[in-house]
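Have a look at the structure below before the remarks.
The values are calculated or read from the model by the stated rules, or taken from the named source; none is laboratory data. From a predicted model like this one, the values you see are computed outputs, not experimental measurements. Using ideal geometry, Cβ is built from the backbone for each residue, glycine included, and neighbour counts are taken over all protein chains shown. Each accessible area value is taken on the protein alone, full model and side chains, heavy atoms only, with ligands, DNA and RNA left out. Shrake-Rupley method; radii C 1.70, N 1.55, O 1.52, S 1.80 Å.
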Amino acid sequence: MAEQQDIHRASTFAPVNIAVIKYWGKRDTKLNLPTNSSLSVTLSQDDLRTHTTASCSLSFTKDTLTLNGEDQDISGARTQACFKELRKLRRSVEAEDTSAAKLSAMGLRIVSENNFPTAAGLASSAAGFAALVRSIANLYALPSTPTELSRIARQGSGSACRSLFGGYAGWHQGSQNDGSDSVAYEVAPASHWPDMRALILVASAEKKGVSSTAGMQQTVATSALFQRRVEVIVPERMAAMEKAVKEKDFAAFAQLTTRDSNSFHACCADTDPPIFYMNDTSRAAVRMCEAINAQAGSTICAYTFDAGPNAVIYYLAANEATVAGTFKALLGTKTGWESEKGKAVEAAQE
Ligand code: 2P0
């Protein structure tokens, strides 16, 4: 009988993050170095997250990755860059401690499960690469901080670097050509502003038409609005957004969030050929948000849209009944909001 080889294993969860100051555009497509800094809110792990188990063994003859039970192609440069960087760090651990098992030389088996629609504009790659990197870092017992891991996860998918942090996370665009300073950082932990809530309205669970990766570089190459966005608008908004989060100023947070979403989608429309991620259903959510705020006489909800038609509505727990209640009352009666499964996912931040 063949000798049973040891299997080493580690698991982790990584949450979805939804940007309130958007990342859109790269100055280096290989390293995923962005043209502007960004800031996001990490959603509760219970509701939208990737669970990943990384294992390695001498009996694994090659690296493999399955997502929701399906084998994935891992030959792409992004996944390979993550594997390579993590193995390099493990090799330094093994060089320092010669009694440490030679895990870096073993095949890796990665098994991931998302509990939300993949690539439907719900930042699935963010949670996916964050979970992949952290599970392998745990498996390799690397002494790395979330910031160090964010540098690696960024190479998998830009927005993934922010999913290494809970709560309110920023991503410095950085200025170094090697990407060493293009890392995520904590703006504030979730406990700082725990009553923030996000309601996710799934307008479509279909895969998006133009991928973020391709779309953003079309914008960089062709949009005239884009220059002003990265040079003036985003730097000002990053500072204002950090202040709004630190001061727990919801009205300022909301105004910056909606304006930045609209600025991002305006740059998409200004791309040649134009890119449209929002649809009529998305625009109905914008109007609904405005109507709720007008009725309340103050800003109690904010919308934001990523590279897809699904809306994310931010509000505070005290306004749950007014904001989430109004949206939920309309779900099921208004066509268009239901995904194939008729689902609106509510994600409460911890
Ligand atoms: C964001 N998005 O900040 C923005 C807002 C979409 C709209 O990050 O090429 O999947 O893998 O670095 O991270 C989507 O871009 O792109 C994204 P890659 P990614 O969340």
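A quick yes/no check of all residues on (1) more than 20 Å from residue 311 (Cβ to Cβ); (2) at pLDDT below 95; (3) in contact with a Pro (Cβ under 8 Å, 6 or more places away or on another chain); (4) not assigned by TED's automatic domain parsing to the domain that holds residue 286:
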| residue | (1), (2), (3), (4) |
| --- | --- |
| 175 | yes, no, no, yes |
| 178 | yes, no, no, yes |
| 203 | no, yes, yes, no |
| 207 | no, yes, no, no |
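Pick from 281, 326, 333, 304: which is modelled with pLDDT of 95 or more and either in the same structural domain as residue 215 (by TED's automatic domain parsing) or buried (at least 20 other Cβ atoms within 10 Å of the Cβ) (or both)?
Exactly one residue qualifies, and that residue is 304.
Could you name every one of the helices (runs of 4 or more DSSP H) located completely within the range 145-239 that has at least 1 residues being under 20 Å from residue 42 (Cα atoms)?
Filter on the range 145-239 gives 146-156, 212-222.
Could you run through the range 7-26 and say how many residues are more than 11 Å from the ligand (Cβ to nearest atom) and of a type in the set (D, E, K, R)?
The total comes to 1.
Is at least one residue of the range 115-129 open to solvent by 20 Å² or more (accessible area, probe 1.4 Å) and more than 28 Å from residue 278 (Cα to Cα)?
There is no residue in the range 115-129 that is open to solvent by 20 Å² or more (accessible area, probe 1.4 Å) and more than 28 Å from residue 278 (Cα to Cα).
Working carefully through the options 190, 198, 221, find the one that is within 16 Å of the ligand (Cβ to nearest atom), of a type outside the set (Val, Ile, Thr) and at pLDDT below 95.
Going through 190, 198, 221 in turn, just one is within 16 Å of the ligand (Cβ to nearest atom), of a type outside the set (Val, Ile, Thr) and at pLDDT below 95: 198.
For the range 155-170, which positions are in contact with a Leu (Cβ under 9 Å, 6 or more places away or on another chain) and near the ligand (Cβ under 8 Å from one of its atoms)?
Residues satisfying the conditions are 156, 158, 160, 162.
What are the residues in the range 75-87 that are free of Cβ contacts under 8 Å to residues at least 12 places away in the same chain and either assigned to a helix (DSSP H, G or I) or open to solvent by less than 60 Å² (accessible area, probe 1.4 Å) (or both), if any?
Answer for the range 75-87, where residues must be free of Cβ contacts under 8 Å to residues at least 12 places away in the same chain and either assigned to a helix (DSSP H, G or I) or open to solvent by less than 60 Å² (accessible area, probe 1.4 Å) (or both): 76, 80, 84.
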